[in-house]
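The values are calculated or read from the model by the stated rules, or taken from the named source; none is laboratory data. Not measured: the values here are computed from a predicted model. As a convention, Cβ positions derive from the backbone with ideal geometry for all residues, glycine included, and neighbour counts pool all protein chains shown.
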Amino acid sequence: MPLDAALTPDRFADLALPHRQTLFAGAVRLTRNEGDAEDLVQETLLKGLANIDKFQVGTNMRAWLFRIMTNTFINGYRRKRKEREILDREGSHLGASRLYGPGRVWAHRNPEGAYVSGALSRTVVGAIEQVPEKFRVVVLLADLMDFSYAEIAEIVGCPVGTVMSRLFRGRQHLRRRLETYAVEHHILPAAVPMAA
C-alpha cells in the first residue's frame, strides 16, 4: 500500500487488531480491572477507527493506538474524579468516594487487610494524581506498562531525551509525596529520607 493511500476501515482492522492483546495488557495495568480494561480497549479501537484519516500509513500503528488509549484513560480518569468531587461536595449519602475509590473493600477477607490495602491504594493513586500530567503519562507508560524509552517517545510524540527527563522528574514527584506519607505514618523515621 503506498504511503499516501487512504486507510480504509478494513485495512485499519488488519493493522489494529493484531495489537488487541498488547493493548489489553496495557489497559489492565492502567485500570487494574479486566472489565474496565476491555472497555478501554474497545473505546480505543473505536476512536482509532473514527480517526483513521489522522493515522499516517507506514508509521507505528501500535504506538498510535497506545497514544489514543493513554489519552482516553487520562480523560476518563479526570471525568470520574470530577464526578467524585461533585458527589462529595454535594454531601451525597451514597458514599460516592467509597463507590468510586480504588480499593474494593469486599475483595479482602478481613477488615484490617481491606483498610491497609485501601489506604495504600488511595495514597498511591493520590500521589500519582498530584504528579503533573506530562510527567505522569510517562511514569505510567514506563513503570506500569513497561514500555521502552523509544516506545514512549513515539507514543507521546517527543524525543527520547525528553522522555528520560520526564520519567526522572515524575518519579521524583512520586517519591517526595510517598516519602511524606511514609514519615507521617511512621513507616520511615523522619531523620532518614529515602535514597534518591
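Over 18 Å from ALA63 (Cα atoms) and of a type in the set (Gly, Ala, Ser) - does that describe any residue in region 150-162?
Within region 150-162, none of the residues are over 18 Å from ALA63 (Cα atoms) and of a type in the set (Gly, Ala, Ser).
Under the condition of being charged (D, E, K, R) and more than 23 Å from VAL125 (Cα to Cα), which residue from region 1-42 is farthest from the chain's Cα centre (by Cα)?
ASP4
Restricting attention to region 147-177, and to residues there that are touching a residue at least 60 places away in the same chain (Cβ under 8 Å) and assigned to a loop (DSSP other than H, G, I, E, B), which single residue is nearest to the chain's Cα centre (by Cα)?
That would be PHE147.
If you check ARG136, ARG177, which single one turns out to be at pLDDT below 90 and touching a His at 6+ places or on another chain (Cβ under 9 Å)?
That would be ARG136, the only listed residue that is at pLDDT below 90 and touching a His at 6+ places or on another chain (Cβ under 9 Å).
Look at GLU112 and say whether it is acidic (Asp, Glu), exposed (fewer than 13 other Cβ atoms within 10 Å of the Cβ) and modelled with pLDDT under 85.
Taking the combined requirement at face value, the residue satisfies it.
Checking the condition free of Cβ contacts under 8 Å to residues at least 60 places away in the same chain, assigned to a loop (DSSP other than H, G, I, E, B) and either polar (S, T, N, Q) or out of contact with any Gly (no Cβ under 6 Å at 6 or more places or on another chain) (or both), which residue from THR22, THR44, THR59 passes?
THR59
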